[in-house]
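Comments concern the structure below.
The values are calculated or read from the model by the stated rules, or taken from the named source; none is laboratory data. Every value quoted in this text rests on a predicted model; they were computed, and no experiment measured them. Note: ideal-geometry Cβ built from the backbone for every residue, glycine included; neighbour counts use all protein chains shown. Only protein heavy atoms, including side chains, enter the accessible area calculation; ligands, DNA and RNA are left aside. Shrake-Rupley method; radii C 1.70, N 1.55, O 1.52, S 1.80 Å.
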Amino acid sequence: MDRRVFLGTALTTINLPLALSLGLLQPTRALGGWPADAFSATTLDDALNKLTGGRPTTSSNAIKILAREIAEDGSSVPVSVESGIPDTKSITLLSEKNPNPTVARFTISPRVQATVDTRIKMGGTGDIVALVESDDGFYVARKRINVTAGGCG
């Protein structure tokens, strides 16, 4: 057996249980704020309601959704969101025509610029909605994307 493989395996085997017993790794805590019910919602309004806890949202020009207006392939649509909302805590992307509209949620550290870049699936032509959570409430921006070929169904 290679000495490096042996040492790596031995250190992992020893340190993982130690880290778990000391409470340094707590996988359940990492998912504690995960909005599972929002990801299983079947309508955009229901998903927004579950994400905001029923609180109102405010449209904001401080949220920029950067995406092409025409997506040739709905199975991989590049999207960027920039939030100029102070104290942004999270950015959630939703797609109006998807069977489950909540596509992705990003928790934002206060030490970084609130910008996300990703690719999403879109079930058809419709709005992409960016929901930004901050200390002051929930803010939304929308952008219409025309999908010319299949996405999710």
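Numbers at a glance
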item: Residue check for Ile120: farther than 29 Å from Thr148 by Cβ and open to solvent by less than 30 Å² (accessible area, probe 1.4 Å); result: no
item: Test: Arg144 is over 17 Å from the mean Cα position of the chain (by Cα) and not in a strand (DSSP E or B); result: no
item: From Ala141, Ala130, residue being among the small types (Gly, Ala, Ser), surrounded by 16 or more Cβ atoms within 10 Å (Cβ to Cβ) and within 13 Å of Leu51 (Cβ to Cβ); result: Ala130
item: Members of the stretch 105-117 found to be assigned to a strand (DSSP E or B) and either open to solvent by 20 Å² or more (accessible area, probe 1.4 Å) or in contact with a helix residue (DSSP H, G or I) (Cβ under 7 Å, 6 or more places away or on another chain) (or both), listed by number; result: Arg105, Phe106, Thr107, Thr115, Asp117
item: The stretch 45-86: number of residues that are surrounded by 12 or more Cβ atoms within 10 Å (Cβ to Cβ) and in a loop (DSSP other than H, G, I, E, B); result: 10
item: Tally, over the stretch 34-44, of residues that are among the hydrophobic types (A, V, I, L, M, F, W, C), surrounded by fewer than 17 Cβ atoms within 10 Å (Cβ to Cβ) and part of a loop (DSSP other than H, G, I, E, B); result: 1
